[in-house]
Every structure is written in C-alpha cells, then in structure tokens.
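The values are calculated or read from the model by the stated rules, or taken from the named source; none is laboratory data. Just so we're clear, the structure is a prediction, and the values are computed from it rather than from any experiment. Virtual Cβ from ideal backbone geometry, glycine too; neighbours counted across all protein chains shown. Just the protein is used for accessible areas: all its heavy atoms, side chains included, with ligands, DNA and RNA removed. Shrake-Rupley method; radii C 1.70, N 1.55, O 1.52, S 1.80 Å.
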Amino acid sequence: MFTGLVEAIGEIEYSRAVPAGRRIGVSTIFADEIEVGESIAVDGVCLTAVSKSPHGFSADVSMESLKKTTLGELRKGSKINLERALTANSRLGGHFVQGHVDCVSKVLEVSRRSDFALIRIALSREFSAFVVEKGSIAVSGVSLTIAKVGKSDFKIAVIPETLKRTTLSSFKAGRSVNLEFDVLAKYIQKQIGMNNAQR
C-alpha cells in the first residue's frame with residue numbers, strides 16, 4: 001500500500017528481457033535503505049526489489065504489467081517516480097494507492113500558469129464512473145486531486161512543489177501515463193452495481 005506521495009525521482013539504469021518479462025535496474029537516492037523483497041512503486045506500479053546495489057535496486061516486471069502499464073516503454077535514462085510502501089508509523093498524506101494500475105492513458109495538453117501546471121488527460125468511458133471533481137487519482141504514481149471532469153478527459157492542477165518533486169514537470173502532450181483510480185470509488189461503484197442487480 002502506498003500514498004501517492006513520491007519520495008524521489010529515480011532513473012532507469014537498464015531494462016533487459018528475461019523469461020516471461022523484463023528486469024529493470026533503478027538508481028535512487030534511497031539505495032542504502034532498500035531491503036531485498038520490499039515493495040516499491042515505480043511510476044505507480046508496485047514492484048518487488050529482487051536485488052540491490054550501491055546505486056539502487058532491480059525488479060522483475062511480468063508480461064501482464066508490461067502490457068497494462070507504461071513500464072514496457074522505459075529505457076536507459078528514463079526518469080521515474082518512486083515511493084516505498086507504507087509503514088505502521090507513516091503519515092497518511094495523499095490517498096490510498098495500491099500500485100495496481102487500472103489503465104494507460106495519454107496526456108492531451110499541458111498548460112503553464114506561472115509556476116503551476118494544468119494537465120489534461122484522456123479518460124475512457126469505461127472508467128468515467130471512478131473520476132469525480134475534487135476526488136483523488138494516481139497519475140504515474142502521484143496522488144493528485146481532480147480539478148475538472150469532461151466527457152472524455154479530466155484535468156489536474158499541479159502545484160510547484162509537486163512539479164519539483166515528481167516527473168510531472170516533464171509531461172508533454174502525447175505522453176503515456178499510468179492511471180490508478182481511487183480504490184474506495186471502485187468499491188462503491190461495485191456495491192451500487194450489485195444493489196441494482198438485486199432489484
């Protein structure tokens with residue numbers, strides 16, 4: 001479980017094919033604190049550190065994750081958002097993020113307003129029930145508040161601090177992003193569906 005509050009921007013050192021997937025190497029400023037076997041969100045995808053080095057860690061990415069997330073697009077030098085899993089004494093900022101990406105979407109537009117950014121992202125009708133104004137969403141692992149919802153898109157307003165601490169500052173139109181919708185919204189929608197089916 002994560003909160004969507006990015007701890008650091010990491011960098012891909014390598015991405016190599018392995019049986020049934022890929023292995024990626026990640027460099028990070030918190031390399032000394034990583035334990036083999038721990039969960040780390042890489043651009044919003046929950047991965048397990050399978051080994052560590054003085055510079056970071058490596059993780060295996062399954063074919064399923066490569067198909068359903070942006071991790072298959074990562075190359076040497078790619079910047080990624082990193083967050084370690086919650087601990088019992090963690091502050092619960094952001095919102096509950098599982099690291100289970102629901103879909104990949106595209107950035108449609110980025111507009112700058114002083115040091116702030118307004119980012120418009122495509123939204124499939126399939127997932128529109130999970131997106132509400134002032135609700136939470138994880139975009140490439142970053143917990144954000146939805147500013148506005150359209151018929152086939154939504155907007156997020158990003159403050160300077162978030163731009164400084166995440167890869168959102170490099171977002172441009174056409175970029176692929178991982179989306180994870182609020183798990184509470186998904187449970188509520190499922191319950192509504194079950195209640196309607198019983199009538």
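When Ser58 is tested against (1) of a type in the set (Gly, Ala, Ser); (2) at negative phi; (3) in a loop (DSSP other than H, G, I, E, B), just one condition goes unmet, and that condition is (3).
Conditions first: (1) modelled with pLDDT of 95 or more; (2) of a type in the set (Val, Ile, Thr); (3) over 15 Å from Leu168 (Cα atoms). Val97 passes all but one, so which condition is the exception? For Val97, the failing item is (1). Read through the list (1) under 22 Å from Met1 (Cα atoms); (2) buried (at least 17 other Cβ atoms within 10 Å of the Cβ), then give the number of the only condition that Lys190 fails. Status for Lys190: all satisfied but (2). Residues in region 28-54 that are crowded, with 16+ Cβ neighbours inside 10 Å and either of a type in the set (Ser, Thr, Tyr) or assigned to a loop (DSSP other than H, G, I, E, B) (or both): Thr28, Ile34, Ser39, Asp43, Gly44.
No other residue among Val131, Val97 is closer than 23 Å to Val61 by Cβ and either touching a helix residue (DSSP H, G or I) at 6+ places or on another chain (Cβ under 8 Å) or open to solvent by less than 70 Å² (accessible area, probe 1.4 Å) (or both) apart from Val97. Yes or no: region 80-93 includes at least one residue that is assigned to a loop (DSSP other than H, G, I, E, B), open to solvent by 50 Å² or more (accessible area, probe 1.4 Å), in contact with a strand residue (DSSP E or B) (Cβ under 6 Å, 6 or more places away or on another chain) and not hydroxyl-bearing (Ser, Thr, Tyr). No, that holds for no residue.
The C-beta contact set for region 160-186 (first residue of a type in the set (Val, Ile, Thr), second residue in a helix (DSSP H, G or I), distance under 9 angstrom, 6+ apart or interchain) comprises Thr162/Leu168; Thr162/Ser169.
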